[in-house]
Amino acid sequence: MMNDTPRWTLPLLAAGQAQKEMTHNEALSLLDLIVHPCVEAVGPNAPPPSPLTGQAWIVGDQPVGDWTGRAGMLAGWTEGGWRFLVPRIGLTVWSRADDCRCDWDGSQWRLGRIVGRSLIIEGKKVVGAQRPAIAQPAGGQVVDSEARLVLNAVISALRDHGLVASG
């Protein structure tokens, strides 16, 4: 028989277990941390000196103090002290300090990154898959140097922002 759930390692009750409320309350504390998570900050290495019950953080890469050995974990302060959860691929948290979301990709936290296949606003696709490279203007019967400068600047800006491929 398993003692913990497979994904979030929440403690399970055992048949005939004494003081079931301890196990049940521990599972609820961990669920409170992971259901719709919001963290105060991403990446601090030291626990705050006076955390409030219910506050959480994403532990940095070189943790110290009570967070030692918990790099990258979600740390939440409860009435019973620190609770930690190992992130799973796809976990998304909201960072109050950064005012944006942060996702666990399986090896690291990615702050403010939005991944998608397209952006649709009010039913209209405004950004889609990257298209082939746009050639720099060249040749033609009439050369308008001012128009070419503007076109080159637009193409360069699009490439700098990854919106068109380099060609």
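Remark: the Arg110-Val127 segment gains 4.0 nm on full extension, using 0.36 nm per residue and subtracting the alpha carbon distance.
Accessible surface comparison of Trp57, Trp67, Trp8, probe 1.4 Å, protein chains only, largest first: the order is Trp8, Trp57, Trp67.
Sorted largest first by accessible area at a 1.4 angstrom probe radius, with every protein chain in place, the residues Glu146, Glu21, Glu122, Glu26 fall in the order Glu122, Glu146, Glu21, Glu26. Accessible area of Arg96 (1.4 Å probe, protein heavy atoms only, ligands and nucleic acids ignored): about 140 Å².
Ile89 sits with roughly 130 Å² accessible to a 1.4 Å probe, with DNA, RNA and ligands left out of the calculation.
In terms of solvent-accessible area of protein heavy atoms at a 1.4 angstrom probe, what is the ranking of Lys20, Lys125, highest value first? Present the calculation step by step, with values, prior to reporting the outcome.
Working: Lys20 80, Lys125 140 Å².
Listed by decreasing accessible area, they come as Lys125, Lys20.
If you take the beta carbon distance between Ala135 and Ile89 as r and set R0 to 45 Å, what does 1/(1 + (r/R0)^6) give as a FRET efficiency, to the nearest 0.05?
On the way: r = 40 Å, r/R0 = 0.88.
With R0 = 45 Å, the Cβ-Cβ based efficiency is 0.70.
Counting only heavy atoms of the protein chains, get the accessible area per residue of the stretch 56-98 (1.4 Å probe) and round it to a whole Å² value.
Numbers: 2190 Å² over 43 residues.
I get 51 Å² per residue for the stretch 56-98.
Taking the Cα centre of the chain as reference, the dipole from Cβ charges on Lys and Arg (+1) and Asp and Glu (-1) amounts to some 600 debye.
When nucleic acids and ligands are ignored and a 1.4 Å probe is applied, Val127 ends up with an accessible area of around 70 Å².
Tell me, what is the percent relative contact order of the stretch 8-167, built from C-alpha pairs under 8 Å that lie six or more residues apart?
Values: 231 pairs, mean separation 20.9, N = 160.
Relative contact order here is 13 percent.
The values are calculated or read from the model by the stated rules, or taken from the named source; none is laboratory data. Just so it is clear, the model here is predicted, and its values are computed rather than measured. All Cβ positions, glycine included, derive from the backbone under ideal geometry; neighbour counts span all protein chains shown. The area values use the complete protein model at the heavy-atom level, side chains included, leaving out ligands, DNA and RNA. Shrake-Rupley method; radii C 1.70, N 1.55, O 1.52, S 1.80 Å.
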